[in-house]
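A.B. asks: I'd like to ask some things about the structure below.
The values are calculated or read from the model by the stated rules, or taken from the named source; none is laboratory data. These figures come from a predicted structure and were not determined experimentally. In this analysis, Cβ positions are derived from the backbone assuming ideal geometry, glycine residues included, and neighbour counts consider all displayed protein chains. With ligands, DNA and RNA removed, areas are computed over all heavy atoms of the protein, side chains included. Shrake-Rupley method; radii C 1.70, N 1.55, O 1.52, S 1.80 Å.
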Amino acid sequence: MGEIRSFVAIELPAELKEELRQVQRTLSDGGIEDLVRWVKPAGMHLTLKFLGSVPANKIKSVEMAVAQASQGAGPFKIALRGLGCFPTPSRPNVIWVGVEGDLGPLAALQRGIEDSLAALGFAPERREYTPHLTLGRVGKQVDSRQRRRIGELTGTIRVDSLGEMQAREVSLIRSDLSPAGARYTRLAAIPLGGGE
């Protein structure tokens, strides 16, 4: 039967991915290129729920649960702006670009997806949902002095609006890991508002 590593996300148009790539280049030029594993453009998406390994025979149920949660949500606008680190600038593990716009509808959609999938046995996320786009992950071998340097650099680079998009659908995406990096395949595109 097998399992499928998967997640639910809003996919980005190519022009926003290119804007994010430009921010990655600016950060790399700041002397941290070898300290961070940069996310490839194909992997840039707004994650709503990471599922992990899902039995293949459960994927259709997941799709139906996401569709049910998406019916009450109409299309909404999101914009990309700002740069930061998780968990803190002095101890960064993740470098991200922020999400603005219609955050109320986005949060409601994400909560609805969490609730629908919890009914299928997927553990709800304990942390509060913070919409962001991951640009890169700091390598485990990076020492505390280098981490502080990364945090300081992200604090000096101003990221104004990179653009906006209308979110009209959510995707159920398969993620296959390999030594060359993750490969993503859309399993389903689910329109918001039931396809209005």
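A.B. asks: Would you confirm whether or not segment 111-128 contains a residue that is within 25 Å of GLU15 (Cα to Cα) and out of contact with any His (no Cβ under 8 Å at 6 or more places or on another chain)? Write out each step before concluding.
C.D. replies: Keep residues of segment 111-128 that are within 25 Å of GLU15 (Cα to Cα), which gives none.
No, because not a single residue in segment 111-128 is within 25 Å of GLU15 (Cα to Cα) and out of contact with any His (no Cβ under 8 Å at 6 or more places or on another chain).
A.B. asks: Please list, ordered by first then second residue, the pairs with beta carbon atoms under 7 Å, 6 or more apart or interchain, first in segment 163-180 and on the phi > 0 side of the Ramachandran plot, second open to solvent by 50 Å² or more (accessible area, probe 1.4 Å) and not polar (S, T, N, Q).
C.D. replies: As it stands, the answer is GLY163/GLU15; GLY163/GLU19, since those pairs meet every condition given.
A.B. asks: Considering only segment 22-51, state which residues are in contact with a strand residue (DSSP E or B) (Cβ under 9 Å, 6 or more places away or on another chain) and of a type in the set (Lys, Arg). Even if it seems obvious, please write down each step before you answer.
C.D. replies: So the first thing to find is which residues in segment 22-51 are in contact with a strand residue (DSSP E or B) (Cβ under 9 Å, 6 or more places away or on another chain), and the list is 23-24, 27-28, 32, 35-39, 42-51.
Across segment 22-51, the qualifying residues are ARG37, LYS49.
A.B. asks: Sticking with this structure for a sec: Counting just the residues of segment 101-132 that are more than 19 Å from LEU16 (Cβ to Cβ) and in contact with a Ser or Thr (Cβ under 8 Å, 6 or more places away or on another chain), which one comes out surrounded by the fewest Cβ atoms within 10 Å (Cβ to Cβ)?
C.D. replies: Selected residue: LEU120.
A.B. asks: Then there is this: Considering segment 73-97 alone, what residues qualify as being of a type outside the set (A, V, I, L, M) and without any contact (Cβ under 8 Å) to a residue 60 or more places away in the chain? Spell out how you get there, then give the answer.
C.D. replies: Restricting attention to segment 73-97, the residues satisfying the condition of being of a type outside the set (A, V, I, L, M) are 74-77, 81-82, 84-93, 96.
Residues satisfying the conditions are PHE86, PRO87, ASN93, TRP96.
A.B. asks: While we're looking at this one, here's another question. Is it true that some residue in segment 124-138 is out of contact with any helix residue (DSSP H, G or I) (no Cβ under 8 Å at 6 or more places or on another chain), among the acidic types (Asp, Glu) and touching a residue at least 12 places away in the same chain (Cβ under 8 Å)?
C.D. replies: No - not one qualifying residue is present in segment 124-138.
A.B. asks: Could you please let me know if PHE86 is among the aromatic types (Phe, Trp, Tyr), in contact with a strand residue (DSSP E or B) (Cβ under 9 Å, 6 or more places away or on another chain) and more than 17 Å from ARG137 (Cα to Cα)? Break it down stepwise before answering.
C.D. replies: Values: among the aromatic types (Phe, Trp, Tyr): yes; in contact with a strand residue (DSSP E or B) (Cβ under 9 Å, 6 or more places away or on another chain): yes; more than 17 Å from ARG137 (Cα to Cα): no.
Here the answer is no, as PHE86 does not meet what is asked.
A.B. asks: Would it be correct to say that LYS49 is of a type outside the set (A, V, I, L, M, F, W, C), at pLDDT 95 or above and either open to solvent by 20 Å² or more (accessible area, probe 1.4 Å) or in a helix (DSSP H, G or I) (or both)? Working first, answer last.
C.D. replies: Working: of a type outside the set (A, V, I, L, M, F, W, C): yes; at pLDDT 95 or above: yes; either open to solvent by 20 Å² or more (accessible area, probe 1.4 Å) or in a helix (DSSP H, G or I) (or both): no.
Criteria not met by LYS49.
A.B. asks: Further question on the same structure: Among the residues of segment 5-16, how many are surrounded by fewer than 20 Cβ atoms within 10 Å (Cβ to Cβ) and either in a helix (DSSP H, G or I) or more than 18 Å from the chain's Cα centre (by Cα) (or both)?
C.D. replies: The qualifying residues number 2.
A.B. asks: Under 18 Å from the mean Cα position of the chain (by Cα) and more than 24 Å from LYS49 (Cβ to Cβ): does that describe GLY163? Explain how you work it out, then say what you get.
C.D. replies: Values: under 18 Å from the mean Cα position of the chain (by Cα): yes; more than 24 Å from LYS49 (Cβ to Cβ): yes.
The answer is yes for GLY163.
A.B. asks: Another one. Select, from GLY84, GLY98, the only residue that is surrounded by 14 or more Cβ atoms within 10 Å (Cβ to Cβ) and out of contact with any Lys or Arg (no Cβ under 7 Å at 6 or more places or on another chain).
C.D. replies: Going through GLY84, GLY98 in turn, just one is surrounded by 14 or more Cβ atoms within 10 Å (Cβ to Cβ) and out of contact with any Lys or Arg (no Cβ under 7 Å at 6 or more places or on another chain): GLY84.
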